[in-house]
Amino acid sequence: MSAIDLPGLGPSPARRTTLRRRIRLLVAATITYNVIEAAVAITAGTVASSAALIGFGLDSVVEVASAAAVAWQFSAADHERREKAALRVIALSFFALAAYVTFDAARALLGAGEAEHSTPGLILATLSLMIMPFLSRAQRRAGRELGSASAVADSKQTLLCTYLSGVLLAGLALNSAFGWSWADPIAALVIAAVAVKEGREAWRGDACCPPPQAVPPETGGS
């Protein structure tokens with residue numbers, strides 16, 4: 001009998017190789033998209049004097065840092081040894097994001113400027129709302145099957161970016177349609193609380209299930 005995927009025994013060596021390759025590709029796609037997203041959001045936010053758009057762009061920078069940590073981990077053959085360090089980077093990324101979003105939301109609630117309508121911002125938020133859930137779900141599934149807490153934690157970072165996309169879209173739309181400038185910072189505070197929760201889980205290593213058991217060695221017979 002050759003080594004195959006068996007319940008409770010974890011993926012076979014061939015399957016683990018496939019999963020590691022898949023995670024590297026998903027991380028590369030996440031980094032590429034977020035670099036573009038950050039450039040567009042920060043530029044559009046500066047033009048429209050939108051703190052929400054600029055904050056969203058900085059969140060993309062945080063997401064790049066998180067994905068880069070996972071890419072660094074999986075660049076080694078024995079990626080499990082780098083798991084803890086990668087989780088620390090992801091956790092700190094969550095905390096940094098929460099701190100910035102809270103600060104920016106507080107400034108907005110205190111009346112630190114009013115954002116103008118931004119068509120590029122609306123388009124960007126809509127695209128992110130469609131793309132990010134796919135990347136997050138694919139990486140989470142691969143990370144759980146492989147037993148990688150850092151890959152799952154990074155997928156949560158990507159999912160948080162989806163939430164922020166929804167918040168940004170709602171805030172820009174409500175501001176453009178009704179002038180409700182308070183809607184975005186209130187929702188952003190909720191996102192900040194979620195980011196703190198996810199950061200604590202990543203720091204403790206609670207982002208995934210226990211590592212899968214080793215696959216039994218190949219034996220003869222059928």
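Given R₀ = 41 Å, what would the calculated FRET efficiency be for ARG204 paired with SER176, taking r from the Cβ atoms and rounding to 0.05? The pair ARG204/SER176 has a calculated efficiency of 0.50.
Overall, segment 42-158 carries a charge dipole of about 400 debye about its Cα centre when +1 sits on the Cβ of Lys and Arg and -1 on the Cβ of Asp and Glu, all other atoms neutral.
Taking only the Cα atoms of segment 115-211, the radius of gyration and Dmax are 15.6, 50 Å.
Ranked highest first by average number of other Cβ atoms within 10 Å, how do 89-102, 32-45 line up?
On the way: 89-102: 21.9, 32-45: 19.2.
Peptide ranking by packing, descending: 89-102, 32-45.
Taken together, the values in this text are just the output of simple stated rules run on the coordinates, not laboratory data. A quick note: this is a predicted structure, and the numbers were derived from the prediction, not measured. All Cβ positions, glycine included, derive from the backbone under ideal geometry; neighbour counts span all protein chains shown.
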